[in-house]
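K.L.:
Mind looking over this structure? Questions follow.
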Amino acid sequence: MAAFSLFSSSPRRFILVIIVAVVTIHYVLSMLHNDYSRLASFSNISEKWQQAHDRVFNSTAATLPPLFLNDTDYDDDLSVVTTTETETTTTTELIEVPTAETTTAVDIPSPPKRANATFVFLCRNSDLNGVVSSMRQMEDRFNRHYGYPWVLLNEEPFTEEFKERVRVLTDAPIQFGLIPHDHWYQPDWIDEDRARAGRSRMMAQGIIYAGSVPYRNMCRFNSGFFFKHELLQQYRYYWRVEPGVQFFCDVTYDPFVYMQEHNKVYSFTISLIEWEPTIPTLWSTTKEFIKRNPEYLHPNNSLRFLSDNGGVGYNLCHFWSNFEIADMEFWRGEAYQKFFDHLESKGGFYYERWGDAPVHSIAASLFASKDQVHFFRDIGYRHDPFQHCPSGEDWTRGRCSCDPKDSFDYAPNSCLKRFEALYE
Ligand SMILES: Nc1nc2c(ncn2[C@@H]2O[C@H](COP(=O)(O)OP(=O)(O)OP(=O)(O)O)[C@@H](O)[C@H]2O)c(=O)[nH]1
Ligand SMILES: [Mg+2]
C-alpha cells in the first residue's frame with residue numbers, strides 16, 4: 001500500500017529509490033567479489049560487445065569488396081540542379097580507392113579497382129514510381145556494394161517530392177541535372193511542315209510514338225547530347241537505366257571495371273530488329289557518311305551484325321539501348337561526333353523517328369572493333385516486353401529471379417545469333 005501510494009503520488013521518487021538500491025548492491029558485490037567486479041566493468045562489457053559485432057560484421061565483409069566497409073567515401077549532399085561545382089577532368093586510369101586499412105595492415109587485400117563511372121537516368125517527374133523501382137533494384141543487386149553515383153536528367157526541374165523519394169534509396173551521391181534547352185527541343189531550322197507530315201505518315205502506319213515530338217527529342221538527346229551534359233563531364237563510363245525495368249540477378253563483379261580492363265566501349269543484354277518505318281533513310285545516310293569518311297570505319301568492325309550483304313542493306317539489327325553500359329569517350333570522340341553531326345544535318349530525328357538504339361548500334365558496330373562490343377550474358381534484365389535471363393552457372397551465381405527458359409536471346413526477332421556469329 002505504501003509502495004503503491006509512493007508510486008502513484010510520485011513516480012520519479014520511486015525510480016530514484018530503485019536506482020539507488022541497484023547501485024548500492026553493485027557496489028557491495030564489487031567490494032566483496034573480485035570476479036564480479038571484473039565481469040561487470042564497463043571496459044569488459046564494451047570489449048564483449050565489440051567481439052560480437054566483429055564476428056557478425058566480418059562474416060558479411062568476407063563476401064563484400066572492402067569499399068563497402070569504407071563509409072567515408074562520399075559527400076552526403078551532392079544533390080544539385082545547377083552544375084557549377086562539377087569537376088571536369090576525365091580519369092582514364094582505374095582509380096584505387098585508399099582505405100584506412102591499406103595504410104596499416106599487411107595481410108589485408110588491396111582495395112577493389114573502381115572505374116570512373118556513373119549511372120545515367122533520363123526521366124520525367126511523372127516517371128517517379130518507375131524510377132524508384134529501377135533504382136531500388138540496381139542498388140539491391142549491385143550498387144549497395146559499390147556506391148557508384150547517380151545522375152538524373154530532365155528537361156524540366158525535378159520536384160522536391162521526386163528528389164526526396166529518390167534520395168532515400170541510396171547513400172551514393174545523387175545529382176539532379178537540368179538539360180540545356182538546345183540539347184532537348186526541336187531546333188528552329190527543322191522544317192516543321194515536313195516534320196508534321198512525317199509524323200502523320202507514321203501514325204497512319206500504326207507505329208508506336210509516331211506522333212510524339214517529345215519522344216523524338218528524347219531519341220535525339222540520347223543519341224547526341226547526354227554525354228555533353230555538364231554533370232557527366234567528369235565521368236567516362238555510364239550505365240543507362242530507365243523507369244520500370246527489372247534487374248533479375250546479383251551483379252557479382254563490377255561491370256564498369258570489366259569494360260575498362262577489357263577495353264570495351266559498348267555493351268548490351270538484348271538485341272533485336274528495328275521498326276523499319278522509323279528509319280527509312282538512316283542506312284543510306286550512314287553509307288553516305290562512310291563514303292565521305294572511310295577512315296572512321298574500324299578494320300575489325302561488326303558490319304556483319306548490321307548487314308547480311310556486305311553493307312548494301314541494313315538488316316535492322318540493333319542493341320536495345322534502354323540498357324547500356326558504355327564509354328562516353330567513344331561518343332565524345334571524333335568519329336562519332338562527325339557521324340552525329342552528319343545525321344543531325346539531315347533532320348531525320350524529326351522528319352523520321354530515328355532512335356538512339358539504331359544510331360548507337362550502327363556507330364559501335366562500324367567505328368569500334370568487334371572486340372570492343374560486349375554482351376553481358378550474366379546480367380538479368382527486363383524492359384517490357386522483352387527480357388534477357390541468364391542460364392546455368394550465371395543464373396545460379398546471380399541468384400536470378402527470372403525463369404531461365406524465358407529469355408529473348410534466340411527468339412525469332414533477336415539478333416544475338418548474328419552477334420555471336422561475329423566471333424565464330
Ligand atoms: N525528361 C524526359 N524524359 C523522357 C521523356 N520521354 C522519355 N523520357 C525518358 O527517356 C527514356 C526512354 O523513354 P521511354 O518512354 O521509356 O521510351 P522507350 O523505352 O522507347 O519506350 P517504352 O519504355 O516502351 O515507353 C526513359 O528513361 C524515359 O523516362 C521526356 O519527355 N522527358
Ligand atoms: Mg523505356
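K.L.:
Rounded to the nearest 0.05, what FRET efficiency is calculated for TYR215 and SER110 with R0 set to 35 Å and r the Cβ-Cβ distance?
P.N.:
0.15
K.L.:
Here is a further query. Kindly write out, for the range 277-284 in residue order, the coupling ³J(HN,Hα) from the Karplus curve 6.51 cos²θ - 1.76 cosθ + 1.60 (θ = phi - 60°), rounded to whole Hz, with x marking Gly and Pro.
P.N.:
3J(HN,Hα) across the range 277-284, in whole Hz: x, 7, 9, x, 10, 5, 6, 5.
K.L.:
May I ask you to compute the full-extension gain from ARG377 to LYS338, defined as 0.36 nm times their residue separation minus their alpha-carbon distance, rounded to one decimal in nm?
P.N.:
Roughly 10.9 nm would be gained on extension.
K.L.:
Something else about it: Any idea how far apart VAL168 and ASP308 come out in nm if each label point goes 7 Å out from Cα toward Cβ?
P.N.:
A separation of 5.2 nm, rounded to one decimal place.
K.L.:
For the range 114-190, which trypsin sites (Lys or Arg not before Pro) are in a loop by DSSP, counting at most 13 other Cβ atoms within 10 Å?
P.N.:
In loop regions of the range 114-190 (DSSP not H, G, I, E or B), there are no sparsely surrounded trypsin sites (Lys or Arg not before Pro).
K.L.:
From the cross-link list LYS113/LYS163; LYS264/LYS338; LYS113/LYS264; LYS338/LYS370; LYS291/LYS346, which pairs have alpha carbons spaced over 27 Å apart?
P.N.:
Violating the 27 Å limit, Cα to Cα: LYS113/LYS163.
K.L.:
A follow-up question, please. Taking the range 364-424, how much of its Cα-Cα pair set, in percent, is spaced more than 18 angstrom apart?
P.N.:
In whole percent, the share of Cα-Cα pairs in the range 364-424 beyond 18 Å is 42.
K.L.:
How far is it, in nm, from the label point at TRP189 to the one at ALA204 when both lie 7 Å from their Cα along the line to the Cβ?
P.N.:
Computed distance between label sites TRP189 and ALA204 equals 3.0 nm.
K.L.:
Still on this structure, please answer the following. Taking the beta-carbon count within 10 Å as an exposure proxy, list GLU160, GLU155 from fewest neighbours to most.
P.N.:
GLU160, GLU155
K.L.:
Related question: Residues with amide H under 5 Å of ILE270's amide H, sequence separation 5 or more or different chain, H placed in the peptide plane at 1.01 Å from N; which?
P.N.:
Answer set, sorted by chain and number: TRP320.
K.L.:
Please give, to one decimal in nm, the separation of the simple spin-label points placed at LYS405 and ASP140, each 7 Å out from Cα toward the Cβ.
P.N.:
Here the answer is 2.5 nm between the modelled labels.
K.L.:
Distance from the Cα centre of the range 373-424 to that of the range 134-199, in angstrom?
P.N.:
Each part reduced to its Cα centre gives a spacing of 27 Å.
Coordinate-derived values only; no laboratory data. This structure is a prediction, so every number in the text was calculated from the model and none was measured. In this analysis, Cβ positions are derived from the backbone assuming ideal geometry, glycine residues included, and neighbour counts consider all displayed protein chains.
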